[in-house]
Amino acid sequence: MLKKLFGVISSLVLLSGCGSLDRQNSAIIVTSTDFREGEQLPRAFTCDGDNSSPELMWSTIPAKTQSFTLIAHDPDAPQKVFTHWVLFNIPPTLTKLDRALSEERIASWDAIQGMNDFGKVGYAGACPPQGNGDHHYIFTLYALDVKLDLKPGASRQEVLKAQEGHVIGSGTLTALYKRSGV
């Protein structure tokens, strides 16, 4: 229960840190065919499986959206909030990211991937320490009224700072994952 509350508080802190609370912020509905809110993240989307990204879909998009940002993070990591995926300048016409999204597909949209906390660009699946209990993996989609002027490999912090004052909507989808023995 305490971890779940921490996950919710972390999401609110991230939202407040990107300037979303100082202006009208529409609620975006984020879903997946791979898991539902609060369910276990399937192994395929973890370091114990294929380490591929899940399919994500969204609706109720604000009318003035110029781009989307997607950030996936684990607020339960032992040392800090751990970033698993940073993807920004997603076109405003998209309402879905395919499962196992390829770099080529992302490049075809002129979208850009940032650096995860494994030190790599792109998606890195859930990989909590063994025996550390359930971790929350929060996928947050932000609708922005601009495209971000950042380079590939930008950090989560750089993206959140760049989008300050430009978030016009957001939504989250949270999955759980624990490693009890691999």
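Only helical DSSP H runs with n ≥ 4 go in: add -39500 (n - 2.57) per run for the chain, normalise by residue count and round the 222 nm mean residue ellipticity to 500 deg cm²/dmol.
The helix-only estimate for the chain comes to -4500 deg cm²/dmol at 222 nm.
Picking from SER67, THR46, VAL167, whose Cα lies most toward the positive end of the charge dipole for the chain (charges on Cβ: Lys, Arg +1; Asp, Glu -1)?
Working it through, the farthest residue towards the positive pole turns out to be VAL167.
What nm distance separates the two modelled labels at THR33 and ASP50, each placed 7 Å from Cα along Cα→Cβ?
1.3
What distance in nm separates the simple spin-label points at LYS120 and GLU164, each placed 7 Å from Cα in the Cβ direction?
3.2
Grab the Cα-Cα distance for ASP110 and VAL146, subtract it from 0.36 nm times how many residues apart they are, and report the gain in nm with one decimal.
Full extension of this stretch gives 11.6 nm more.
Could you work out the relative contact order of the chain, using alpha carbon pairs under 8 angstrom and six or more residues apart, expressed as a whole percent?
32
Would you tally the net charge around LEU150, using a Cβ to Cβ cut-off of less than 11 Å, leaving LEU150 out, and scoring K and R as +1, D and E as -1?
+1
Starting from the alpha-carbon convex hull of the chain, give the projected area averaged over all orientations, in nm².
Mean orientational projected area (the chain, Cα hull): 9.4 nm².
Where Lys and Arg each count +1 and Asp and Glu each count -1, what net charge lies around PHE139 among other residues with Cβ under 12 Å from its Cβ?
-4
How big is the dipole moment of segment 2-177 about its Cα centre under a simple scheme where the beta carbon of each Lys and Arg is +1, that of each Asp and Glu is -1, and everything else is neutral? Debye, nearest 20, please.
Computed about the Cα centre, the dipole is about 240 debye.
May I ask you to list the aspartates and glutamates whose Cα is less than 12 Å away from that of LYS161, ignoring any residue fewer than eight positions away on the same chain?
Cα-Cα hits under 12 Å: ASP149.
Return an integer: the convex hull volume of the alpha-carbon atoms of segment 71-178, in Å³ per residue.
Here the figure is 105 Å³ per residue.
Coordinate-derived values only; no laboratory data. The structure presented is a predicted model; accordingly, all values stated were derived computationally and were not measured. Cβ: placed from backbone, ideal geometry, glycine included. Neighbour counts: every protein chain shown.
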